[in-house]
Amino acid sequence: MPIIAIDGPAAAGKGTLSKRIAAEYGLHHLDTGLTYRATAKALLDAGLPLDDEAVAAEMALKVDLAGLDRSVLAVHEIGEAASKIAVMTPVRKALVEAQRRFAAKQPGTVLDGRDIGTVVCPGADVKLYVIASPEVRAKRRYDEIIASGKDADYAQVLADVRLRDERDMGRADSPLKPADDAHLIDTSNLSIEEAFQAAKTMIDKVLK
Ligand code: DC
């Protein structure tokens with residue numbers, strides 16, 4: 001019953017990679033960023049403050065992992081709000097518990113996020129740490145926004161990527177960092193297919 005942990009900063013390509021890996025090996029997949037986003041959206045929708053730990057933790061306990069939809073939760077404001085409440089220990093505790101229950105599902109799971117290899121599933125069979133330069137990640141985000149028919153300013157997107165990195169790596173509780181036994185994949189100069197093949201080689205070595 002393998003558990004595959006995939007961590008890395010925003011827009012490094014973890015999401016696409018995780019979905020392909022889950023499909024390839026027939027495993028359940030959880031994008032744990034969506035659990036933070038769903039909590040943030042519930043607070044925003046209810047008009048509740050984003051700086052009250054007790055209120056945010058209560059919302060986190062109510063998040064239904066089966067009802068997570070990236071197309072609804074992808075909005076920039078929700079991502080910003082998610083990264084703010086993700087610094088709160090009681091929120092993390094509630095969501096990590098739910099994520100661990102998911103990780104135990106048969107016949108195995110792929111979880112992607114920021115702290116899967118370090119905190120959520122430190123015993124994961126395979127740990128990947130996916131990175132790309134801030135400029136490459138900002139360009140990907142920028143292209144996505146333009147492709148969706150909206151307007152974007154590359155400099156602003158790059159500033160947002162750097163700010164998100166600072167918040168994710170700088171927080172005291174479960175900061176973004178590679179586990180000691182994580183395999184690094186730098187996707188800056190890789191296509192989706194090349195990144196997938198690199199990951200597959202590492203996973204096959206462990207699972208076979
Ligand atoms: O990957 P994402 O952009 O959907 O994540 C949104 C925010 O949630 C991100 O800024 C940090 C937080 N997050 C986290 O703290 N731990 C995780 N395992 C996943 C996401």
**Prompt:** Net charge near L48, counting Lys/Arg +1 and Asp/Glu -1 over other residues with Cβ under 15 Å of its Cβ?
**Reply:** -3
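I need the fraction of alpha carbon pairs in the chain separated by more than 22 Å, rounded to a whole percent.
Working: 10206 of 21528 pairs.
Roughly 47 percent, once rounded to a whole number.
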**Fill in**
Straight-line reach check, K105, cutoff 17 Å on alpha carbons, 8 or more apart in-chain or any other chain, hits among lysines -> K19
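Below 8 Å between Cα atoms, with a sequence gap of 6+, how large is the relative contact order for the chain in percent? Intermediate values should be presented prior to the final figure.
Numbers: 318 pairs, mean separation 70.1, N = 208.
Contact order relative to length: 34 percent.
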**Fill in**
Computed over region 43-158, protein heavy atoms only, probe 1.4 angstrom, the accessible area per residue in square angstrom equals 50 Å²
**Fill in**
Scaled by the rule-of-thumb 2.2 N^0.38 Å, the alpha carbon Rg for region 10-56 gives a ratio of 1.56
**Message:** Below 12 angstrom from the Cβ of D143, what's the summed charge of the other residues (Lys, Arg +1; Asp, Glu -1)?
**Reply:** +4
**Request:** Would you rank S188, S148 by solvent-accessible area, highest first, keeping every protein chain in place and using a 1.4 Å probe?
**Result:** S148, S188
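Please arrange K41, K93, K84 by accessible surface area, largest first, computed with a 1.4 Å probe and ligands excluded. Don't skip to the answer; put the middle values down first.
Numbers: K41 55, K93 135, K84 90 Å².
Highest to lowest solvent-accessible surface, that is K93, K84, K41.
How would you classify region 39-149 from its alpha-carbon gyration tensor, with a ≥ b ≥ c the square roots of the eigenvalues: rounded for a/c under 1.5, else prolate if a/b is greater than b/c, otherwise oblate? Write down the numbers at each step before the final one.
Numbers: a/c = 1.70, a/b = 1.04, b/c = 1.63.
Judged from the Cα gyration tensor, region 39-149 comes out oblate (a/c at least 1.5, b/c at or above a/b).
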**Message:** Ignoring ligands, DNA and RNA, please state the percent of accessible area on region 22-113 from carbon and sulfur, probe 1.4 Å.
**Reply:** 56 percent
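Once the Cβ-Cβ distance between Q106 and I192 is put in as r, and R0 is 22 Å, what FRET efficiency do you end up with, to the nearest 0.05? Show your work: numbers first, answer last.
Numbers: r = 28 Å, r/R0 = 1.28.
Once rounded, the FRET efficiency stands at 0.20.
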**Asked** Among the lysines, which have Cα under 16 Å from the Cα of K41 when same-chain residues fewer than 8 positions away are ignored?
**Response** K62, K84
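The values are calculated or read from the model by the stated rules, or taken from the named source; none is laboratory data. These numbers come from a predicted model, not from an experiment. Positions of Cβ are backbone-derived with ideal geometry, glycine not excepted, and every protein chain shown enters the neighbour counts. Surface areas here come from the heavy atoms of the whole protein model, side chains and all, with no ligands, DNA or RNA. Shrake-Rupley method; radii C 1.70, N 1.55, O 1.52, S 1.80 Å.
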